[in-house]
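K.L.:
Questions regarding the structure given below will be posed in turn.
The values are calculated or read from the model by the stated rules, or taken from the named source; none is laboratory data. Just so you know, these numbers come straight off a predicted model, no measurement behind them. Heads up, the Cβs are rebuilt from the backbone with ideal geometry, glycines too, and the neighbour counts pull from every protein chain shown.
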Amino acid sequence: MKVKLDHIGIVVEKLDKEILDFYQEAFGCLKPKYFKLKDDVDDIDYVYLPFSKGDNYVELLAPVSGPSKQFLEKKGQGTMFELCVEVGSMKDFYDEMKKRNITLVDSSGRPLPPEKPYCMIPGDDNKYAYLPTDKTFGTTIELLERVTWTRETYWGNEEKA
(Lines give C-alpha, C1' and ligand atoms only; values in the text may rest on other atoms or scores of the structure.)
Protein backbone atom coordinates (compact mmCIF):
# COMPACT_ATOMS: atom_id res chain seq x y z
CA MET A 1 0.00 0.00 0.00
CA LYS A 2 1.66 3.18 -1.21
CA VAL A 3 0.54 6.68 -0.32
CA LYS A 4 2.03 10.09 -0.99
CA LEU A 5 1.59 13.45 0.66
CA ASP A 6 -0.79 15.60 -1.37
CA HIS A 7 -1.37 18.69 0.75
CA ILE A 8 -1.70 20.18 4.19
CA GLY A 9 -4.84 22.14 5.03
CA ILE A 10 -4.54 25.11 7.37
CA VAL A 11 -7.54 26.93 8.80
CA VAL A 12 -7.55 30.75 8.60
CA GLU A 13 -10.05 33.47 9.45
CA LYS A 14 -10.11 34.90 5.93
CA LEU A 15 -8.32 34.56 2.64
CA ASP A 16 -6.74 37.99 2.54
CA LYS A 17 -3.78 39.37 0.59
CA GLU A 18 -1.47 39.35 3.61
CA ILE A 19 -1.71 35.61 4.22
CA LEU A 20 -1.54 34.72 0.52
CA ASP A 21 1.50 37.00 0.07
CA PHE A 22 3.22 35.25 2.99
CA TYR A 23 2.99 31.80 1.36
CA GLN A 24 3.95 33.12 -2.05
CA GLU A 25 6.95 35.06 -0.71
CA ALA A 26 8.15 32.55 1.89
CA PHE A 27 7.72 29.37 -0.16
CA GLY A 28 7.45 30.56 -3.75
CA CYS A 29 3.90 29.28 -4.04
CA LEU A 30 2.35 29.79 -7.44
CA LYS A 31 -0.83 31.67 -8.31
CA PRO A 32 -3.69 30.72 -5.94
CA LYS A 33 -6.73 28.79 -7.14
CA TYR A 34 -9.95 29.65 -5.29
CA PHE A 35 -12.79 27.28 -4.45
CA LYS A 36 -16.02 27.26 -2.45
CA LEU A 37 -17.57 24.28 -0.71
CA LYS A 38 -21.14 24.67 0.42
CA ASP A 39 -23.17 21.62 1.35
CA ASP A 40 -25.59 20.55 4.05
CA VAL A 41 -22.74 20.41 6.59
CA ASP A 42 -20.18 23.13 5.83
CA ASP A 43 -19.68 26.43 4.04
CA ILE A 44 -15.97 27.00 3.36
CA ASP A 45 -13.98 29.33 1.13
CA TYR A 46 -10.61 27.85 0.35
CA VAL A 47 -7.58 28.28 -1.84
CA TYR A 48 -4.86 26.01 -3.16
CA LEU A 49 -1.34 27.46 -3.20
CA PRO A 50 0.89 25.08 -5.19
CA PHE A 51 4.58 24.85 -4.47
CA SER A 52 6.71 25.66 -7.51
CA LYS A 53 8.36 22.24 -7.34
CA GLY A 54 6.54 18.92 -7.11
CA ASP A 55 2.83 18.19 -6.84
CA ASN A 56 2.22 19.37 -3.28
CA TYR A 57 0.40 22.46 -2.13
CA VAL A 58 -0.89 24.35 0.87
CA GLU A 59 -4.66 24.49 1.21
CA LEU A 60 -5.93 27.48 3.20
CA LEU A 61 -9.50 27.07 4.47
CA ALA A 62 -11.62 30.01 5.65
CA PRO A 63 -14.79 28.49 7.14
CA VAL A 64 -17.99 30.53 6.95
CA SER A 65 -20.21 28.17 8.93
CA GLY A 66 -20.54 24.59 10.14
CA PRO A 67 -18.17 22.26 11.99
CA SER A 68 -15.14 23.76 10.22
CA LYS A 69 -16.04 27.21 11.58
CA GLN A 70 -16.37 25.70 15.05
CA PHE A 71 -12.93 24.12 14.60
CA LEU A 72 -11.47 27.54 13.71
CA GLU A 73 -13.12 29.16 16.73
CA LYS A 74 -11.85 26.44 19.07
CA LYS A 75 -8.31 25.92 17.71
CA GLY A 76 -7.53 29.34 16.20
CA GLN A 77 -6.09 30.60 12.94
CA GLY A 78 -3.02 28.83 11.61
CA THR A 79 -3.95 25.42 13.00
CA MET A 80 -3.47 22.41 10.77
CA PHE A 81 -6.93 21.36 9.67
CA GLU A 82 -5.99 18.21 7.78
CA LEU A 83 -3.21 16.18 6.30
CA CYS A 84 -4.12 14.78 2.89
CA VAL A 85 -2.51 11.72 1.38
CA GLU A 86 -3.11 10.38 -2.10
CA VAL A 87 -3.87 6.69 -2.50
CA GLY A 88 -3.79 4.68 -5.70
CA SER A 89 -7.14 3.00 -5.11
CA MET A 90 -9.68 3.98 -2.47
CA LYS A 91 -11.25 0.52 -2.65
CA ASP A 92 -7.91 -1.22 -2.03
CA PHE A 93 -7.09 1.19 0.81
CA TYR A 94 -10.55 0.62 2.32
CA ASP A 95 -10.04 -3.16 2.18
CA GLU A 96 -6.58 -2.86 3.76
CA MET A 97 -7.92 -0.70 6.58
CA LYS A 98 -10.79 -3.15 7.20
CA LYS A 99 -8.18 -5.87 7.79
CA ARG A 100 -6.85 -3.59 10.54
CA ASN A 101 -10.35 -3.02 11.99
CA ILE A 102 -10.49 0.55 10.70
CA THR A 103 -13.52 1.76 8.74
CA LEU A 104 -13.08 4.82 6.55
CA VAL A 105 -15.48 7.69 7.26
CA ASP A 106 -16.85 10.77 5.48
CA SER A 107 -15.97 14.34 6.51
CA SER A 108 -18.61 14.20 9.27
CA GLY A 109 -17.25 10.96 10.73
CA ARG A 110 -19.99 8.69 9.35
CA PRO A 111 -18.75 5.21 8.32
CA LEU A 112 -18.48 4.62 4.59
CA PRO A 113 -19.98 1.41 3.17
CA PRO A 114 -17.83 -1.12 1.32
CA GLU A 115 -19.87 -0.71 -1.88
CA LYS A 116 -18.94 3.02 -2.00
CA PRO A 117 -15.96 3.61 0.28
CA TYR A 118 -15.56 7.27 -0.67
CA CYS A 119 -17.42 10.55 -0.98
CA MET A 120 -17.35 13.22 -3.67
CA ILE A 121 -17.17 17.01 -3.71
CA PRO A 122 -19.52 18.74 -6.18
CA GLY A 123 -17.62 19.86 -9.27
CA ASP A 124 -14.65 17.56 -8.55
CA ASP A 125 -14.35 13.99 -9.79
CA ASN A 126 -11.79 12.87 -7.20
CA LYS A 127 -12.71 10.34 -4.51
CA TYR A 128 -12.32 11.31 -0.84
CA ALA A 129 -12.48 9.52 2.50
CA TYR A 130 -11.09 10.05 5.99
CA LEU A 131 -9.48 7.94 8.64
CA PRO A 132 -11.47 8.11 11.89
CA THR A 133 -9.79 10.55 14.29
CA ASP A 134 -10.09 8.10 17.18
CA LYS A 135 -7.59 5.91 15.26
CA THR A 136 -5.27 8.77 14.21
CA PHE A 137 -4.75 10.23 17.69
CA GLY A 138 -6.88 13.26 16.80
CA THR A 139 -5.30 14.17 13.47
CA THR A 140 -7.68 14.65 10.55
CA ILE A 141 -6.26 12.59 7.69
CA GLU A 142 -7.99 13.00 4.36
CA LEU A 143 -7.54 10.31 1.73
CA LEU A 144 -7.65 11.19 -1.95
CA GLU A 145 -7.85 9.06 -5.06
CA ARG A 146 -7.34 11.17 -8.16
CA VAL A 147 -9.63 10.20 -11.00
CA THR A 148 -9.03 12.63 -13.88
CA TRP A 149 -8.18 15.86 -12.05
CA THR A 150 -4.44 16.45 -11.99
CA ARG A 151 -2.19 19.36 -11.12
CA GLU A 152 -2.69 20.66 -14.67
CA THR A 153 -6.49 20.59 -14.16
CA TYR A 154 -6.08 23.13 -11.37
CA TRP A 155 -3.20 25.29 -12.58
CA GLY A 156 -2.24 24.34 -16.12
CA ASN A 157 1.38 25.30 -16.63
CA GLU A 158 1.10 28.65 -14.84
CA GLU A 159 4.13 30.46 -13.50
CA LYS A 160 4.39 32.48 -10.32
CA ALA A 161 1.72 35.10 -9.86
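K.L.:
Can you confirm whether segment 143-157 contains a residue that is out of contact with any helix residue (DSSP H, G or I) (no Cβ under 8 Å at 6 or more places or on another chain), at pLDDT 95 or above and under 26 Å from Ser68 (Cα atoms)?
P.N.:
Step one: list which residues in segment 143-157 are out of contact with any helix residue (DSSP H, G or I) (no Cβ under 8 Å at 6 or more places or on another chain), which gives 144, 146-157.
Keeping just the survivors that are at pLDDT 95 or above gives 144.
Now narrow it down to the ones that are under 26 Å from Ser68 (Cα atoms): 144.
Yes, segment 143-157 contains a residue that is out of contact with any helix residue (DSSP H, G or I) (no Cβ under 8 Å at 6 or more places or on another chain), at pLDDT 95 or above and under 26 Å from Ser68 (Cα atoms).
K.L.:
Right, here's the next one. Tell me, please, whether a residue that is in contact with a strand residue (DSSP E or B) (Cβ under 6 Å, 6 or more places away or on another chain) and closer than 23 Å to Tyr34 by Cβ can be found in segment 109-124.
P.N.:
Yes, segment 109-124 has at least one match.
K.L.:
A further question follows. Could you pull out the residue among Leu30, Leu61, Leu37 that is in contact with a helix residue (DSSP H, G or I) (Cβ under 7 Å, 6 or more places away or on another chain) and at pLDDT below 95?
P.N.:
Numbers: Leu61 fails: at pLDDT below 95; Leu37 fails: in contact with a helix residue (DSSP H, G or I) (Cβ under 7 Å, 6 or more places away or on another chain).
It is Leu30.
K.L.:
Could you list, in sequence order, the residues of segment 51-70 that are crowded, with 17+ Cβ neighbours inside 10 Å and either touching a Lys or Arg at 6+ places or on another chain (Cβ under 7 Å) or among the hydrophobic types (A, V, I, L, M, F, W, C) (or both)?
P.N.:
Val58, Leu60, Leu61, Ala62, Pro63
K.L.:
Which residues, counting only those in segment 1-53, are closer than 16 Å to Pro67 by Cα and touching a residue at least 60 places away in the same chain (Cβ under 8 Å)?
P.N.:
Gly9, Ile10, Val11, Val12, Glu13, Leu37, Asp39, Val41, Asp42
K.L.:
Is it the case that segment 56-72 has a residue that's within 17 Å of the chain's Cα centre (by Cα), within 17 Å of Asn126 (Cα to Cα) and of a type in the set (Lys, Arg)?
P.N.:
As a first pass, look at segment 56-72 and keep what is within 17 Å of the chain's Cα centre (by Cα): 56-64, 66-69, 71-72.
If we keep only those that are within 17 Å of Asn126 (Cα to Cα) as well, we get 56-57, 59.
Next, from what is left, pick out any that are of a type in the set (Lys, Arg): none.
Within segment 56-72 (the criterion being within 17 Å of the chain's Cα centre (by Cα), within 17 Å of Asn126 (Cα to Cα) and of a type in the set (Lys, Arg)), the answer is no, since none of the residues qualifies.
K.L.:
Is it the case that segment 122-138 has a residue that's among the aromatic types (Phe, Trp, Tyr), modelled with pLDDT of 95 or more, in contact with a Phe, Trp or Tyr (Cβ under 7 Å, 6 or more places away or on another chain) and assigned to a loop (DSSP other than H, G, I, E, B)?
P.N.:
no
K.L.:
Limited to segment 116-139, what total is found for residues that are touching a helix residue (DSSP H, G or I) at 6+ places or on another chain (Cβ under 9 Å) and touching a residue at least 40 places away in the same chain (Cβ under 8 Å)?
P.N.:
0
K.L.:
Can you name every residue in segment 87-102 that is surrounded by 16 or more Cβ atoms within 10 Å (Cβ to Cβ) and more than 13 Å from Pro114 (Cα to Cα)?
P.N.:
Scanning segment 87-102 gives a single hit, Val87.
K.L.:
Are any of the residues in segment 72-81 surrounded by 13 or more Cβ atoms within 10 Å (Cβ to Cβ), out of contact with any helix residue (DSSP H, G or I) (no Cβ under 9 Å at 6 or more places or on another chain) and among the acidic types (Asp, Glu)?
P.N.:
No, segment 72-81 has no match at all.
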